[in-house]
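As structure tokens, the structure follows; a few thoughts come after it.
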């Protein structure tokens, strides 16, 4: 008998995209998102998926990827199927837009409960857009299972999970029983799929569950409300060191720092 | 806010010396509490705490609650969250503030979930509107490209504060405060997570987060070996070496030396960024630095927007003469 691992994956705008396109519409107070930046699987969630795949490499594991949102794209999240996930579930409803962390976790936990049997839930340490790192803990809260965050390595020994948790000055080893939730940091970049795998993944179905399917009353959900959003201004005037050669520029930089009493 | 009163800060699992981050939390709480004319509570977990309790008062606490129990001597997520939740309920605090640290960021969501209250993590400011008695925490999103300000009135709230976002108050040993030992009994059956061992990475030289000078290399450095030139520079300046995410991911620097949103937050007097493009996620970890100095061959690199001094050029040519000149000047 194998293990059933659920990986939570959020679709976000590529956080590696340029900072320049981001802004705030002063009339509406809404975020202006850059044009042309593609949606991707949250890179931290990709780490979580890779962690699941590495377990699947060495033991019998069934992987379900679960994603919540409004306009989820199979072209984006479907990548998970191509690299080795077995099932893909979209929790999709127009009521699932712009929700706060608690409501988001509530919906995802409802999806996980509907799936029923699971041994391990993995999620990225945080989403690369909201950067809050709250949802994984809250999902575990709703499921009433233990949660360990910032996990960089996972080992399964019978029904025990042994993990390494990152610390600022090293790491710690923790143990917990299944089922548990782990939020992953690092753990390796997601493997690439070959053309055949991508073609095969295209044929696999995606299950879509709406609020109604999950028995969720939209009026119980709470949206994120900002008082205001703004673009932070950090810019300073850069004192560029002019010189005839890079070598000379290096020396002049040191002299300038001394003149200005920086050193 | 009726039933709730006071601002509570928390730290735990430390060696009887108040962490700089905890002093920052106290300064932040003090400001909010003074606006409300309420008290600052400081909850500290650990074993054999003594000096740090007095320090907490000297840095701004009115009440220091300490649970000196073996089970809270070392960090355990279950034990800590159970104990902290109980104490926050006991004190009926309107706002609990923790540091965005490996403990704070782990325990804040657990406690907020148990309390059923709102939580805003990784804030760089917590403002207060006196008229409406509202808390306005500011949390950077999209890797710091946008800042979002929230507004909470008349409700209990948990916040984590990013390290080095606020200066601590000056130590004032004449400040008066109460040190209150509290008893917390935790049923062993409630502890599901077992902490087996802690592996400390040996750090040679100056600690990154305390260093007066940080020399950081990015993708542009190109190899682990070439970081020796950065180390040489750091040694001359009594500084520490850091790496951007690409440098850490490639193993050029240890993971514990990563500077940025998901790494260390540093705010040295001088931050020398070499071959670092300056993504918003990286800047989140160094923007508090007094002077940012950038060496990069791309004049349009984002790092130059925040740098006070910049050299456009190949670092391999710029750095040796920079290091040599510094050595000469610093004799």
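The numbers here are math on the coordinates, done by the rules we state, and not lab data. Every value quoted in this text rests on a predicted model; they were computed, and no experiment measured them. So basically every Cβ, Gly included, is an ideal-geometry build from the backbone, and we count neighbours across all protein chains shown.
What to note about this one:
- Stretch gain in nm, segment residue B:175-residue B:3, where the contour uses 0.36 nm per residue and the Cα spacing is subtracted: 59.2 nm
- Each part reduced to its alpha carbon centroid, the stretch B:250-311 and the stretch B:48-123 end up 32 Å apart.
- Helix axis angle, B:104-115 relative to chain B longest principal axis, alpha carbon, degrees: 30
- Inverse of mean 1/r across different Cα pairs in the stretch B:206-331, Kirkwood, Å: 13.9
- Placing a label point 7 Å from the Cα of residue A:30 along the Cα-to-Cβ line, the residues of the stretch A:59-98 whose backbone N sits under 15 Å from it are A:70-71, A:97-98.
- Its alpha carbons give the stretch A:26-144 an Rg and a Dmax of 15.1, 55 Å.
- Compactness relative to 2.2 N^0.38 Å, alpha carbon Rg of the stretch A:100-207: 1.19
- Principal-axis tilt of helix B:77-91 within chain B, Cα atoms, nearest 10 degrees: 50
- Cubic angstrom per residue, convex hull over Cα atoms of the protein assembly as shown: 171
- Between the beta carbons of residue A:59 and residue B:225, assuming R0 = 41 Å, the FRET efficiency works out to 0.65 to the nearest 0.05.
- Scattering profile of chain B at q = 0.07, 0.08, 0.16 Å⁻¹ [log10 I(q)/I(0), Debye over alpha-carbon scatterers]: -0.33, -0.42, -1.27
- Structure remark: mean-square fluctuation, Gaussian network model of chain A, C-alpha springs under 10 Å; the largest value among A:97, A:175, A:16 belongs to A:16.
- Short-range pairs are left out: with C-alpha atoms under 8 Å and at least six residues apart, the relative contact order of the stretch B:208-329 is 23 percent.
- Shielding by partners for peptide A:222-233, expressed as the average number of C-beta atoms from other protein chains within 10 Å of each residue's C-beta, is 5.
- With both labels modelled 7 Å from their Cα along Cα-to-Cβ, the residue A:206 to residue A:227 distance reads 3.8 nm.
- Here's the picture: a label point sits 7 Å out from the Cα of residue B:19 along the beta-carbon direction, and within the stretch B:160-203 the residues with their amide nitrogen under 19 Å of it are B:160-169, B:195-203.
- By the count of other C-beta atoms within 10 Å, a proxy for reagent exposure, B:147, B:271 are ordered fewest to most as B:147, B:271.
- Mean shadow area of the stretch B:1-79 over all directions, Cα convex hull, nm²: 5.5
- Helical runs (DSSP H, four residues minimum) scored at -39500 (n - 2.57) apiece and divided by the length of the protein assembly as shown put the mean residue ellipticity at 222 nm at -8000 deg cm²/dmol.
- Residue exposure sequence - B:86, A:261, A:159 - by fewest surrounding Cβ within 10 Å: A:261, A:159, B:86
- Spread of Cα-to-Cα distances over 5 Å intervals beginning at zero, given as percent, for the stretch B:7-190: 1, 8, 18, 22, 22, 15, 8, 3, 1, 0
- Residue B:207/residue B:90 FRET efficiency (R0 51 Å; Cβ-Cβ; nearest 0.05): 0.90
- You can think of it this way: the chain between residue B:238 and residue B:196 has 11.5 nm of extra reach, that is 0.36 nm per residue less the Cα-Cα gap.
- Debye intensity ratio I(q)/I(0), log10, the stretch B:231-304, q values 0.15 Å⁻¹ (C-alpha model): -0.45
- The stretch B:157-204-the stretch A:204-258 distance, computed between alpha-carbon centres (Å): 29
- Acute angle (nearest 10 degrees) that the helix B:227-236 long axis makes with the longest principal axis of chain B, alpha-carbon atoms: 70
- Convex hull (Cα only) mean projected area of the stretch A:186-258, reported in nm² to one decimal: 14.2
- For chain A, the equivalent ellipsoid derived from the alpha-carbon gyration tensor has semi-axes of 38, 25, 20 Å in decreasing order.
- Build a GNM of chain A with springs between Cα atoms under 10 Å apart, and of A:224, A:185, A:28 the one that fluctuates most is A:28.
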